[in-house]
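S.K.: Dropping the structure in here first, questions after.
The values are calculated or read from the model by the stated rules, or taken from the named source; none is laboratory data. The structure displayed is predicted, hence computed values, not measured ones. When we count neighbours, we look across all protein chains shown, and the Cβ atoms used for this are built from the backbone with ideal geometry, even at glycine.
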Amino acid sequence: MGKIVARADIRHTITRQREQGRKIVFTNGCFDILHTGHVRYLANAKKIGDILVVGLNSDRSVSRIKPGRPVIPEDQRAEVLAALSMVDYVVIFSEDTPYELIREIKPDVLVKGADWKRGDIVGSDIVRDVRTIPLVEGISTSRIIRRIRQMKQS
């Protein structure tokens with residue numbers, strides 16, 4: 001089985017891992033134009049447990065949340081994430097939030113970036129262990145896109 005798991009199969013996949021005594025960590029995001037901040041964030045998330053599951057916003061979901069995006073299509077974003085050694089599974093979800101996916105998986109730990117307040121983290125009412133990870137200052141997909149646009153105008 002590959003790292004990119006269909007939504008219909010993720011619960012069974014995670015159940016198998018949990019039966020083997022593995023601690024499941026879940027995070028989510030758009031991961032459009034993967035950068036150093038993403039890589040460091042995912043590496044830190046992986047250190048928290050044994051299995052890192054990344055919920056990836058579908059193209060439709062991203063476009064509702066971030067107008068004019070994504071830049072990279074969901075299948076390519078999933079493939080890049082799956083290529084990272086710290087990522088165990090990638091599952092694409094089409095809702096605006098991963099709430100239902102978190103309910104299905106019931107991870108041991110829910111992780112988001114430190115720009116999120118714990119009470120605002122979707123799924124914090126489901127998962128007891130909710131953690132935030134510091135972001136890399138000055139690095140974001142939005143900044144990268146702005147810089148590219150500025151370079152094109154020059």
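S.K.: Considering only segment 16-70, state which residues are in contact with a Lys or Arg (Cβ under 6 Å, 6 or more places away or on another chain) and acidic (Asp, Glu).
M.R.: 32, 50 - these are the residues of segment 16-70 that are in contact with a Lys or Arg (Cβ under 6 Å, 6 or more places away or on another chain) and acidic (Asp, Glu).
S.K.: Specify the residue that is farthest from residue 3 (Cα to Cα); the eligible residues are those in segment 19-69 that are polar (S, T, N, Q) and touching a residue at least 60 places away in the same chain (Cβ under 8 Å).
M.R.: The residue in question is 36.
S.K.: Let me ask something else. Tell me which of these residue 28 doesn't satisfy, since it passes every other one: (1) polar (S, T, N, Q); (2) under 12 Å from the mean Cα position of the chain (by Cα); (3) more than 15 Å from residue 87 (Cβ to Cβ).
M.R.: Only one criterion in (1) polar (S, T, N, Q); (2) under 12 Å from the mean Cα position of the chain (by Cα); (3) more than 15 Å from residue 87 (Cβ to Cβ) is unmet by residue 28, namely (3).
S.K.: Of all the strands (runs of 3 or more DSSP E) wholly in segment 79-154, which have at least 3 residues that are surrounded by 18 or more Cβ atoms within 10 Å (Cβ to Cβ)? Talk me through it step by step, then tell me what you get.
M.R.: Working: elements: 89-93, 109-113, 129-133.
Qualifying strands (runs of 3 or more DSSP E): 89-93, 109-113.
S.K.: If residue 89 meets every condition in (1) farther than 17 Å from residue 49 by Cα; (2) of a type in the set (Phe, Trp, Tyr); (3) in contact with a strand residue (DSSP E or B) (Cβ under 8 Å, 6 or more places away or on another chain); (4) at pLDDT 95 or above apart from one, which number is that one?
M.R.: (1)
S.K.: Tell me, yes or no, whether segment 101-114 has at least one residue that is modelled with pLDDT of 95 or more, more than 19 Å from residue 18 (Cβ to Cβ), among the hydrophobic types (A, V, I, L, M, F, W, C) and in contact with a strand residue (DSSP E or B) (Cβ under 9 Å, 6 or more places away or on another chain).
M.R.: Filtering segment 101-114 for residues modelled with pLDDT of 95 or more gives 101-112.
Still in the list and also more than 19 Å from residue 18 (Cβ to Cβ): 112.
Right, trim to among the hydrophobic types (A, V, I, L, M, F, W, C) and you get none.
Looking through segment 101-114, none of the residues is modelled with pLDDT of 95 or more, more than 19 Å from residue 18 (Cβ to Cβ), among the hydrophobic types (A, V, I, L, M, F, W, C) and in contact with a strand residue (DSSP E or B) (Cβ under 9 Å, 6 or more places away or on another chain).
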